[in-house]
Amino acid sequence: MRIPSALKHKPVIVSDNYENIDGRYAYNTDAKGLSLGLAQWNDRGKIDISAKVWRHTGEKWSRQSEELPLHRVLDLAILVCRAKHHFQEAYRYEKLYDPGKPVIDRIGLQGDAITVAVCTDNEKIDEDIKLFCQALSNDDELIGERLRTLSRILKEMGY
């Protein structure tokens, strides 16, 4: 299935076969494609690039398709990496984190920092963090493959 190119988001770089590799949802997902293109929120004279996950209901393109600015995609990748790193050592804590120090890291960006922390406002955090850790472990092969690929590409680019 080909990603539509006549909508507000204007695809430039596409992956039309995303449904074949959508993690554990592969071959059984409504996420049919990924694209990098001109953002749908572009104003005249102002151009932003966005990433988009294209969802298809089986009958039509879904309004639940997501579009994100590229920096947010990368910020999410940073968050995933830092969370994964935390959970590699989380077994050291009885609750999989230190309740007295829920901030995992502060990562400097743009003269400030992204705070990576356990959400202690979640009243079921003790239960939910165990479920999160288990799900992360269950998907370790899928996530690890993508992180190794990302690492290789970043090295090829000189990062």
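Taken together, the values in this text are just the output of simple stated rules run on the coordinates, not laboratory data. Keep in mind that what you see is a predicted model, and the values were worked out from it rather than measured. Neighbour counts run over all protein chains shown; Cβ positions are idealised from the backbone, glycine included.
Key figures for this structure:
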| quantity | calculated |
| --- | --- |
| Cleavage-rule hits, trypsin sites (Lys or Arg not before Pro), the stretch 30-128, DSSP coil, Cβ neighbours within 10 Å at most 11 | Arg44, Lys60, Arg63, Lys124 |
| Ranked Trp61, Trp54, criterion: other C-beta atoms within 10 Å, fewest first | Trp61, Trp54 |
| Over the stretch 28-113, relative contact order from alpha-carbon pairs under 8 Å, at least 6 apart, % | 18 percent |
| Relative contact order of the stretch 71-156, pairs being alpha-carbon contacts under 8 Å that are 6 or more residues apart, as % | 20 percent |
| Phi to ³J(HN,Hα) by Karplus 6.51 cos²θ - 1.76 cosθ + 1.60 over the stretch 147-159, Hz, x for Gly, Pro | 5, 5, 5, 4, 4, 4, 5, 4, 5, 4, 7, x, 9 |
| Mean Cα-pair separation over length for the chain, i.e. relative contact order, pairs under 8 Å, 6 or more apart, % | 12 percent |
| Over the chain: Rg over Rh, Cα atoms, Kirkwood Rh | 1.01 |
| Order of Ser65, Ser15, Ser137 under a 10 Å beta carbon neighbour criterion, fewest first | Ser137, Ser15, Ser65 |
| Degrees separating the helix 125-138 axis from the principal Cα axis of the chain, which is the longest one | 60 degrees |
| Burial ordering of Phe87, Phe132, fewest other beta-carbon atoms within 10 Å first | Phe132, Phe87 |
| Residue-span extension gain [Leu36 to Lys60] - 0.36 nm each, minus C-alpha spacing | 6.6 nm |
| The stretch 71-156 - Debye-derived log10 I(q)/I(0), Cα point model, q = 0.17, 0.21, 0.24, 0.25 Å⁻¹ | -0.81, -1.14, -1.32, -1.36 |
